[in-house]
1. Keeping every protein chain in place, order Met62, Met127, Met67, Met27 by accessible area at 1.4 Å, biggest value first, i.e. largest first.
2. Any idea how far apart Ser16 and Tyr179 come out in nm if each label point goes 7 Å out from Cα toward Cβ?
3. Determine the order of Val138, Val73 by accessible area, beginning with the largest, at a probe radius of 1.4 Å.
4. Under the 0.36 nm per residue contour assumption, what length would be gained going from the current alpha-carbon distance of His28 and Ala151 to full extension?
5. Using the C-alpha gyration tensor of region 1-86, what are the square roots of 5 times its eigenvalues, in whole angstrom, with the largest one first?
6. What distance in nm separates the simple spin-label points at Arg144 and Glu103, each placed 7 Å from Cα in the Cβ direction?
7. Skipping prolines and chain starts, which residues have an amide H placed within reach, meaning under 5 Å, of the one on Trp170, given they are 5 or more residues away or on another chain?
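The values are calculated or read from the model by the stated rules, or taken from the named source; none is laboratory data. Everything quoted here is computed from the prediction, not taken from an experiment. Virtual Cβ from ideal backbone geometry, glycine too; neighbours counted across all protein chains shown. Each accessible area value is taken on the protein alone, full model and side chains, heavy atoms only, with ligands, DNA and RNA left out. Shrake-Rupley method; radii C 1.70, N 1.55, O 1.52, S 1.80 Å.
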Amino acid sequence: MEHYPFINPPLPYAYSALEPYIDTKTMHIHHDRHLQAYTDNLNKALADKPALQGLTLEQLIMTANRMPPDTGVPISRNAGGVYNHRFYFNGMSPSSTGVPFGELAWAIDESFGSFESFKEKFTAAAMSVFGSGYAWLVCDQGGRLKIITTANQETPLPLRLCPILNIDVWEHAYYLKHYNERAKYIDDWWNVVNWGLANARYADRTDGQNC
Ligand code: MN
């Protein structure tokens, strides 16, 4: 299992692969600077804490709020930043099917009426994030799909929710291409959703890997 010191693995596709929806420069800066900084700062926060160096990213996130604030806050923010960004980058693909398929497609229809209705609700949630944060499709402990938002680098994990899909709506995720128009960025993002991975995350939701 991965633990300290954490590394920032390369993107699973080329920086330019999500063009024209997500631009190359944004992908470079977002992955190589923003995610790199969260990774470096997480390692810094753990450097003098040998007792925590064997914990996985998920374990750090789950236990950070039980640590004293001077330890727990930087670990929570930076482990969350690493977790959320990896989840987001892996959750996109240049060969998106455009629509969900398999068991997840069925569950989305059942929970939200239709994919179009889900898309509307998820878009509205992503638009509703005030300031920086994420919108998520998650599965609760009862197996129900839900749309939630989180602020800053908080994750759904301490809420005992299993993440299926997320979108980063911090301005750095879209400002270079879409300027202040978050709605246009979200509209573009729908074209690059990695439904294959979302489906696998949904299928694996009970194996302890994601939640
Ligand atoms: Mn980001």
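1. Met127, Met62, Met67, Met27
2. 2.6
3. Val73, Val138
4. On the way: separation 123, 0.36 × 123 = 44.28 nm, distance 2.35 nm.
Gain on extension, His28 to Ala151, equals 41.9 nm.
5. 28, 12, 10
6. 2.0
7. Amide H neighbours of Trp170, under 5 Å, 5+ apart: Gly133.
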